[in-house]
Amino acid sequence: MADDSILSKEEEHELATVKAATLIESLPWLKRFSGKIVVVKFGGNAMVNEDLKRAFAEDMVYLRYAGLHPVVVHGGGPQISAALKEQGIASEFRGGYRVTTTEAITVVRDVLAGEVNREIVDLVNEHGEGLAVGVFGDGGSLFTGEKKGVVVDGEHFDLGHVGDITHVDPSGVLAAIEAGRIPVVSSIAIDDAHPDQALNVNADAAAGALAIALKASKLMMLTDVPGLYRNWPDRDSIVDLIAVEELRALLPSLESGMIPKMTACLDAVVGGVGGATIIDGRIPHSILLEVFTLRGAGTEVIPDPSRRTENQMTHAEIGRRVAAPSTSSTTGQHVASTTEKGQPQ
């Protein structure tokens with residue numbers, strides 16, 4: 001049997017041409033985002049799969065060396081559930097939210113800061129000492145929030161230490177960026193009414209709020225679906241681009257797990273972020289596919305319909321300039337088999 005790893009000179013030349021075409025395809029995006037802040041919400045299967053975690057860390061390092069300023073925001077639902085179970089603390093959910101007692105919030109805070117955040121920072125720093133640094137949501141008053149309850153079947157429930165973000169002070173994150181670091185932010189807030197107490201907040205909402213405060217050029221949300229479906233479960237109805245007004249009208253009809261993510265994207269774009277994208281985090285290096293290729297890797301929320309034309313013209317122009325050889329490569333379709341809760345951890 002022939003060794004597939006041994007290529008002829010012609011095959012090596014063709015492969016090199018394809019690689020060069022991909023690099024040239026990324027040029028407009030590098031020009032657009034060089035020196036700009038991009039916020040990435042890390043979640044879904046990418047957070048628990050070892051290979052995907054390492055690919056994500058590589059993507060963040062690549063963005064950094066490509067001249068962008070990535071900022072990572074994370075939750076940690078599976079890790080929190082495991083830690084609570086290990087300590088014999090029951091996990092109760094009301095309306096999709098984890099009821100977070102005083103005993104539980106200590107565990108939540110320890111897991112997010114001491115376990116999840118530390119692991120992401122360590123994975124990034126495997127590519128260079130001091131590349132990433134942990135920035136904690138309740139440290140230096142990065143996130144301030146207020147407690148919230150939930151109404152289920154007409155009955156109001158107290159969720160304990162669960163809240164909504166009311167204020168963001170991005171100074172600590174900006175200081176890390178100015179020092180050339182990749183900030184890794186945990187989704188915990190200070191309780192505005194009780195500054196000595198912490199609140200468990202939705203990681204999607206935290207990423208959107210931080211993107212607005214940082215005046216980010218882009219928000220990317222890793223999830224476990226290929227993107228937004230206009231008519232779920234019709235898999236042919238996936239949306240590549242959607243403007244704010246159309247999304248606002250579509251929001252009430254979405255699956256419950258997608259509502260927090262799309263709401264965070266909507267709020268971010270309305271708040272001045274250049275664009276927000278839902279990305280399939282089950283695809284290795286999906287961040288790089290989204291930022292640097294024509295096809296992208298998910299659904300992008302844009303401020304107004306005129307941006308559709310702008311994106312299409314950019315794609316057409318690059319397509320004329322990129323002379324890639326004819327290939328028959330196909331991209332596998334990822335089926336949305338699960339939907340994230342998207343609620344506080």
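The values are calculated or read from the model by the stated rules, or taken from the named source; none is laboratory data. Just so it is clear, the model here is predicted, and its values are computed rather than measured. So basically every Cβ, Gly included, is an ideal-geometry build from the backbone, and we count neighbours across all protein chains shown. Surface accessibility is based on the protein's heavy atoms, side chains included, excluding ligands, DNA and RNA. Shrake-Rupley method; radii C 1.70, N 1.55, O 1.52, S 1.80 Å.
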Globularity ratio of the stretch 1-122, using Cα Rg and 2.2 N^0.38 Å: 1.56
Expressed as an acute angle from 0 to 90° and rounded to the nearest 10, what is the orientation of the C-alpha long axis of helix 203-213 relative to the principal long axis of the chain? 70 degrees
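Just the number, please: Stokes-Einstein D of the chain in µm²/s, Kirkwood Rh from C-alpha pairs, 37 °C, 0.692 mPa s.
Values: Rh = 21.0 Å.
For these conditions, the coefficient is 156 µm²/s.
Where does the stretch 44-188 land on Rg/Rh, using Cα atoms and the Kirkwood Rh? Write down the numbers at each step before the final one.
Values: Rg = 16.7 Å, Rh = 16.5 Å.
Looking at the stretch 44-188, the ratio lands at 1.01.
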Computed log₁₀ I(q)/I(0) - Debye formula, equal Cα scatterers, no solvent, the stretch 195-271, q 0.16, 0.18 Å⁻¹: -0.63, -0.77
Dimensionless Rg over Rh [the stretch 133-292; C-alpha; Kirkwood]: 0.99
The local net charge around A66, scoring Lys/Arg +1 and Asp/Glu -1 for residues other than A66 whose Cβ lies under 15 Å from its Cβ, equals +1
With both partners inside the chain, how many of the DSSP beta bridges are antiparallel, as a percent to the nearest 5? 40 percent
Dipole magnitude of the chain about its Cα centre, charges +1 at Lys/Arg Cβ and -1 at Asp/Glu Cβ only, in debye to the nearest 20? 800 debye
List the lysines whose alpha-carbon lies under 28 Å from that of K215, not counting same-chain residues fewer than 8 positions away? K31, K36, K41, K53, K147, K148, K261, K341
Extension gain, K31 back to D51 (0.36 nm per residue minus Cα-Cα distance, nm): 4.2 nm
For the stretch 6-74, what value does the Rg/Rh ratio take when both radii are computed over Cα atoms and Rh is the Kirkwood radius, given to two decimals? 1.11
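Helix-derived [θ] at 222 nm for the chain: sum -39500 (n - 2.57) over DSSP H runs of at least 4, divide by residue count, nearest 500? All intermediate terms of the calculation are to be shown ahead of the outcome.
Details: 12 runs with 129 residues, N = 345.
After summing the helix terms and dividing by the residues of the chain, the value is -11000 deg cm²/dmol.
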By accessible area (1.4 Å), largest first, K19, K36, K148 order as K19, K36, K148
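How big is the Cα convex hull of the stretch 40-80 in projection, averaged over all directions, in nm²?
Working: hull surface 11.0 nm².
So the Cα hull casts an average projection of 2.8 nm².
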Can you pull the percent of Cα pairs in the stretch 200-241 with separation above 13 Å? 64 percent
Select from the stretch 102-208 those GluC sites (Glu not before Pro) which occupy a DSSP coil region and have at most 16 other Cβ atoms within 10 Å, ordered by residue number. E126, E129
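Hey, can you find the accessible area per residue of the chain for me, probe 1.4 Å, expressed in square angstrom?
Numbers: 16530 Å² over 345 residues.
I get 48 Å² per residue for this part.
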Taking K85 as the anchor, which aspartates and glutamates have their alpha carbon closer than 19 Å to its alpha carbon, excluding any fewer than eight residues away along the same chain? E103, D110, E115
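How much length would be gained if the chain were fully extended between I89 and I24, taking 0.36 nm per residue of separation minus their Cα-Cα distance, in nm to one decimal? The partial results should precede the final answer.
On the way: separation 65, 0.36 × 65 = 23.40 nm, distance 5.31 nm.
Full-extension gain reported as 18.1 nm.
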